[in-house]
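> Have a look at this one before I ask anything.
Nothing in this text is a laboratory measurement; each read-out follows from the coordinates by a stated rule. None of these values were measured; they are calculated from a predicted model. Please note: Cβ atoms are built from the backbone with ideal geometry, for glycine as well, and neighbour counts cover all protein chains shown.
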Amino acid sequence: MTIFWHRRDLRFTDNAGLYRALKTGDPVLPIFIFDRNILDKLPNKADVRVEFIQRSVEELAEAYRAHGSDLRAFYGKPIEVFAQLRDELNPTAVYTNRDYEPYAIARDLAVKELLDEHDIPFRHFKDHVIFESDEVQKQAGGPYTVYTPYMRRWKKTLDTRMSSFAGEKISFYLKPYPTETYADNLLKESSPHPVPTLADMGFKPTDIEIPPKEAPAEVIEHYDKTRDFPGQEGTSRISHHLRHGTVSVRAKVRRAMKLNETFVKELIWRDFYSNILQEFPRVVNESYRREYDNIPWINDEEQFEKWCEGKTGVPIVDAGMRQLNAIGWMHNRVRMITASYLTKHLLIDWRWGEGYFADKLLDYELASNNGGWQWAAGSGVDAQPYFRIFNYESQQRKFDKDYRYVKRWVPEYGTDKYPAEPLVEHKFGRERALRVYKEALREARET
Ligand SMILES: Cc1cc2nc3c(=O)[nH]c(=O)nc-3n(C[C@H](O)[C@H](O)[C@H](O)COP(=O)(O)OP(=O)(O)OC[C@H]3O[C@@H](n4cnc5c(N)ncnc54)[C@H](O)[C@@H]3O)c2cc1C
């Protein structure tokens with residue numbers, strides 16, 4: 001029997017690793033592990049992400065049951081679960097899809113070593129992205145660190161291998177893996193295996209609504225015109241589905257190519273940041289541009305708290321932070337504005353903001369979150385230069401001129417309950433940031 005281990009790919013259809021496992025002809029036992037190494041560290045026991053994963057695993061189990069099989073879901077530490085499975089089942093092989101985060105890489109290495117002791121192969125496949133970093137490289141070799149040439153090469157690479165699907169010519173890289181064709185090779189199970197409930201794992205349900213797997217076609221068709229306005233429903237809201245693999249990124253790119261070119265480019269940003277993390281894992285803790293680690297952050301804890309709570313007195317920043325706190329998602333334009341306000345006006349280390357987003361975002365993905373934060377701080381690849389500091393007032397005028405977004409999330413805005421002055425006013429904050437950044441970067445270059 002072959003084990004297929006689901007992680008960031010909580011779906012049965014169009015799943016690269018599962019397809020490969022099924023194709024071997026050996027009966028396939030699908031599993032999922034609610035990882036205690038991660039869950040035990042979560043401070044909030046009403047965590048919408050755990051709830052979303054638990055629900056998605058239930059759905060996945062149902063999909064397997066429809067094929068006369070089942071998913072076995074464990075609650076434990078992966079290494080211990082695999083030690084038990086190895087001894088009880090002695091599998092022929094373990095198949096999975098690759099995960100590029102440092103914790104996942106270390107975890108997989110430990111599992112591989114455990115299986116190696118019994119000569120059980122651990123096979124892993126690309127599924128989470130369209131291209132891994134070694135597939136989109138500069139002509140002269142080496143990874144891209146600037147988005148636009150990366151995006152052009154990404155598109156060219158797509159066209160290098162053509163195939164056909166549903167009577168259409170499409171890139172091989174976007175072709176779905178027809179998992180259903182081999183569903184007969186799933187291990188047959190006569191009785192269902194219960195999936196651990198939230199309560200079993202010490203968690204509670206939340207009342208946060210999870211957006212659907214597919215955005216309406218009209219939203220994507222107008223995406224280039226609506227995506228920057230946080231008061232409108234102008235973006236897809238599929239980020240958490242992509243993050244947990246409840247949808248296939250290949251399917252999303254295929255659809256995007258038919259509907260809107262700008263939307264395709266956003267999905268390429270996702271690959272870009274994943275590739276950066278694959279190539280430069282040090283960005284997890286350090287600034288990509290090392291000289292930015294010389295910035296003398298003020299790191300005022302009280303101001304940080306106010307930023308987290310959405311009480312800075314800057315309406316668009318407060319609206320963003322309250323949206324994040326309430327629904328676990330923030331509009332991209334406002335992610336940029338809130339991140340810029342924290343790292344430039346408040347002079348607080350980007351890692352603090354990154355950590356707060358990581359705790360709250362339903363779509364939290366290390367690569368994109370780190371990329372977004374380092375972009376805002378100026379320290380990342382292809383980042384906003386430090387001297388371009390968002391003016392929150394002109395951002396408000398441009399992207400939320402009727403204050404629709406602000407009024408939705410900050411009901412007391414415009415009353416005497418709302419702060420009369422911002423925590424740090426734009427002109428002062430801008431000039432201070434310019435001075436501090438310039439000096440620190442100059443010093444770092446000279447030493
Ligand atoms: C400071 C900061 C932190 C961020 N943290 C995350 C994060 O943890 N997880 C995350 O998925 N995205 C993150 N983003 C990127 C972006 O804000 C979200 O992907 C987007 O807001 C999700 O909403 P949507 O699905 O409606 O996006 P849409 O605008 O509909 O875009 C479609 C998809 O393209 C991808 N995408 C879009 N923009 C980006 C981008 N700039 N970088 C990478 N992928 C992108 C996402 O997968 C998204 O779901 C961050 C951006 C910033 C500035």
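> Each residue of segment 131-146 in order: what ³J(HN,Hα) in whole Hz does its phi give by Karplus 6.51 cos²θ - 1.76 cosθ + 1.60, θ = phi - 60°, with x for Gly and Pro?
Per residue, the Karplus-derived 3J(HN,Hα) values read 10, 8, 5, 6, 8, 10, 10, 4, 3, 7, x, x, x, 6, 10, 10 Hz.
> Sticking with this structure for a sec: Return the sequence-ordered ³J(HN,Hα) values of segment 242-255 in whole Hz as given by the Karplus equation 6.51 cos²θ - 1.76 cosθ + 1.60 applied to θ = phi - 60°, using x for Gly and Pro.
For segment 242-255, the Karplus curve yields 5, 5, 9, x, 6, 10, 8, 5, 4, 5, 5, 5, 4, 5 Hz.
> On the Cα set of segment 118-205, report Rg and Dmax in Å, please.
Every Cα atom of segment 118-205 included, Rg and Dmax give 20.4, 56 Å.
> Return the single residue from His240, His128, His426 with maximal mean-square fluctuation; model: Gaussian network over the chain, springs between Cα atoms under 10 Å.
Comparing His240, His128, His426 in a Gaussian network model of the chain, the most mobile one is His426.
> Report the full-extension gain for the segment Asp402 to Glu58: residue separation times 0.36 nm, less the Cα-Cα distance, to one decimal in nm.
On the way: separation 344, 0.36 × 344 = 123.84 nm, distance 4.24 nm.
Extra length available between Asp402 and Glu58 comes to 119.6 nm.
> Using a Gaussian network model of the chain with C-alpha springs under 10 Å, which one of Leu18, Leu89, Leu346 is most mobile by mean-square fluctuation?
Per the Cα network of the chain with a 10 Å cutoff, Leu89 tops the list.
> Another question about this same structure. Highest mean first, how do 93-103, 268-278 rank when packing is the count of other Cβ atoms within 10 Å averaged over residues?
Details: 93-103: 19.5, 268-278: 22.9.
So the peptides 93-103, 268-278, ranked by packing, come out 268-278, 93-103.
> Oh, and also: Using Cα positions and a limit of under 18 Å, work out the lysines in reach of Lys225, with same-chain residues fewer than 8 apart set aside.
The reachable lysines, counting only those whose Cα sits under 18 Å from Lys225, are Lys258, Lys265, Lys398, Lys401.
> Please list the non-local residues whose amide H lies under 5 Å from the amide H of Arg123, H modeled 1.01 Å from N, same-chain partners needing a gap of 5 or more.
When sequence neighbours closer than 5 places are left aside, the close amide H contacts are Val94, Tyr95, Thr96.
> Here's another thing I want to ask about it. When only DSSP loop residues count, what GluC sites (Glu not before Pro) in segment 95-184 have their Cβ near at most 13 other Cβ atoms within 10 Å?
Numbers: sites: Glu113, Glu117, Glu132, Glu135, Glu168, Glu180; in loops: Glu117, Glu132.
Those satisfying the criteria are Glu117.
> Compute the length gained on full extension between Thr13 and Thr262: take 0.36 nm times their separation in residues and subtract their Cα-Cα distance, giving the result in nm to one decimal.
Numbers: separation 249, 0.36 × 249 = 89.64 nm, distance 2.65 nm.
Here the answer is 87.0 nm.
> Can you tell me the length gained on complete extension of the stretch Glu180 to Glu117, counting 0.36 nm per residue apart and subtracting the Cα distance?
Details: separation 63, 0.36 × 63 = 22.68 nm, distance 3.30 nm.
In short, 19.4 nm is gained.
> Tell me, what HN-Hα J-couplings in whole Hz come from the Karplus equation 6.51 cos²θ - 1.76 cosθ + 1.60 at θ = phi - 60° for each residue of segment 423-438, using x for Gly and Pro?
Using θ = phi - 60°, the values come out as 3, 9, 7, 4, 4, 4, x, 5, 5, 5, 4, 4, 5, 5, 4, 4 Hz.
> Turning to a different aspect of this structure: Angle between the Cα long axis of helix 315-327 and the longest principal axis of the chain, 0 to 90 degrees, nearest 10?
That helix lies at roughly 20 degrees to the long axis.
> Where the centre of each part is set by its Cα atoms, how far does segment 137-164 sit from segment 351-384, in angstrom?
Rounded to whole Å, the Cα centres lie 24 Å apart.
> What translational D, rounded to a whole number of µm²/s, comes out for the chain from Stokes-Einstein when the hydrodynamic radius is the Kirkwood one over Cα pairs, at 20 °C and 1.002 mPa s?
Values: Rh = 23.6 Å.
D, rounded to a whole number, is 91 µm²/s.
> Can you pull the Kirkwood radius for segment 264-378, inverse mean 1/r over Cα pairs, to one decimal in Å? Could the numbers behind the result be given before it?
Values: mean 1/r = 0.0697 Å⁻¹.
Roughly 14.4 Å, rounded to one decimal.
> For the chain, set up a GNM with springs between Cα atoms under 10 Å and report which of Tyr364, Tyr19, Tyr418 has the largest fluctuation.
Answer for the Gaussian network model of the chain: Tyr418.
> Within segment 360-384, find all residues whose amide N lies under 14 Å from a label point positioned 7 Å from the Cα of Asp293 along Cα-to-beta-carbon.
Output list for this probe position: 379-380.
> Distance from a point 7 Å along Cα→Cβ of Phe387 to each backbone N in segment 433-447: keep the residues under 19 Å and list them by number.
433-446
> What dipole magnitude, in Debye to the nearest 20, does the chain give about its Cα centre under +1 on Lys/Arg Cβ and -1 on Asp/Glu Cβ? Working shown, then result.
Numbers: 67 positive and 69 negative charges, 312 e Å.
With Lys and Arg at +1 and Asp and Glu at -1, about 1500 debye.
> What translational diffusion coefficient, in µm²/s and rounded to a whole number, does the Stokes-Einstein relation yield for segment 281-446 at 4 °C and a viscosity of 1.567 mPa s, taking the hydrodynamic radius as the Kirkwood radius over Cα pairs? Show your work: numbers first, answer last.
On the way: Rh = 16.0 Å.
The diffusion coefficient I find is 81 µm²/s.
> Can you work out D for segment 1-128 in µm² s⁻¹ from Stokes-Einstein, where Rh is the Kirkwood radius over C-alpha pairs, the temperature is 37 °C and the viscosity is 0.692 mPa s?
On the way: Rh = 15.1 Å.
Answer, rounded: 218 µm²/s.
> If packing is taken as the average number of other Cβ atoms within 10 Å across a peptide's residues, how do 188-196, 58-66 rank, most packed first?
58-66, 188-196
> Which order do the peptides 3-13, 227-237, 313-323, 169-179 come out in when sorted by mean C-beta neighbours inside 10 angstrom, highest first? The partial results should precede the final answer.
Numbers: 3-13: 22.5, 227-237: 19.3, 313-323: 24.9, 169-179: 17.0.
Order by mean packing, descending: 313-323, 3-13, 227-237, 169-179.
> Compare the Cα positions of Leu22, His331, Gly202 along the charge dipole of the chain (+1 at Cβ of Lys, Arg; -1 at Cβ of Asp, Glu; about the Cα centre) and return the one farthest towards the positive end.
Farthest towards the positive pole: His331.
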